[in-house]
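Down below is the structure, laid out as structure tokens.
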Amino acid sequence: MKANIARFSYSLQTLLKSGIPVVRALEMLSLAVRNSQLAMEIRMLSDLFRKGRELGNIPDRIRFFPNMALKMINIGLESGSLERMLAEVANHYGKEVDYRSRHLATLLEPILTVVLGVFVLIVALAIFLPMWNLIQVFRG
């Protein structure tokens, strides 16, 4: 979800830089996002902006957007620096996704090593057990 938020923030920033109004940019992004829940929440945000409501009065139905991202977007709207705040949100969540993926890779390395070791042991036993049985037959 954090990767989706980072992509959303970066895409919205790009659309706003190109001169597209916020409501239209959100509508375009809601059609472009693959995650249906996130697309629904982006449409809710678009409706909030169209009605002129602030993000401070967000309904509880918005569950997938982190509060920090919503607060930073709200601050960007109030201060007039929405593009800069979207860049900060994208940067933050992008770094967090990179950190988590690296951390996950370090956790998976020992598990994959053990699984590969067990697989090699099974193959080795499948090769050597019949040989040992043949040796026992010839000795006996």
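The values are calculated or read from the model by the stated rules, or taken from the named source; none is laboratory data. No experiment lies behind these values; they were computed from the predicted model shown. Ideal geometry is used to build each Cβ from the backbone, glycine not excepted, and the neighbour counts take in all protein chains shown.
The table below gives the values:
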item: One residue from ARG53, ARG43, ARG63, ARG84 being outside any helix (DSSP H, G or I) and over 24 Å from SER101 (Cα atoms); result: ARG53
item: Options ILE75, ILE20; residue that is out of contact with any Leu (no Cβ under 8 Å at 6 or more places or on another chain), not small (Gly, Ala, Ser) and not in a helix (DSSP H, G or I); result: ILE20
item: Contacts under 7 angstrom Cβ, first residue in the stretch 44-63 being within 16 Å of ARG24 (Cβ to Cβ), partner modelled with pLDDT of 80 or more and not aliphatic (A, V, I, L, M), 6 or more apart; result: SER46/GLU27; SER46/SER30
item: Residue identified as in a helix (DSSP H, G or I) and modelled with pLDDT under 85 among LEU70, LEU26; result: LEU70
item: Some residue of the stretch 105-112 being among the acidic types (Asp, Glu) and under 30 Å from ALA25 (Cβ atoms); result: no
item: Index of the failed condition, LEU82 passing every other in (1) over 17 Å from TYR93 (Cα atoms); (2) in contact (Cβ under 8 Å) with a residue 60 or more places away in the chain; result: (1)
item: Residue in the stretch 97-119 that is surrounded by 15 or more Cβ atoms within 10 Å (Cβ to Cβ) and under 18 Å from ARG7 (Cβ atoms) present; result: yes
item: Condition met for VAL89 (of a type in the set (A, V, I, L, M, F, W, C), assigned to a helix (DSSP H, G or I) and surrounded by fewer than 10 Cβ atoms within 10 Å (Cβ to Cβ)); result: no
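For (1) over 30 Å from TYR10 (Cβ atoms); (2) at pLDDT 90 or above; (3) touching a Pro at 6+ places or on another chain (Cβ under 6 Å); (4) among the polar types (S, T, N, Q), each residue gets a yes or a no:
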{"site": "ALA90", "(1), (2), (3), (4)": "no, yes, no, no"}
{"site": "LYS95", "(1), (2), (3), (4)": "no, yes, no, no"}
{"site": "LEU107", "(1), (2), (3), (4)": "no, no, no, no"}
{"site": "ILE111", "(1), (2), (3), (4)": "yes, yes, no, no"}
{"site": "PHE119", "(1), (2), (3), (4)": "yes, yes, no, no"}
{"site": "VAL123", "(1), (2), (3), (4)": "yes, yes, no, no"}
{"site": "ALA126", "(1), (2), (3), (4)": "yes, yes, no, no"}
{"site": "ILE135", "(1), (2), (3), (4)": "yes, no, no, no"}
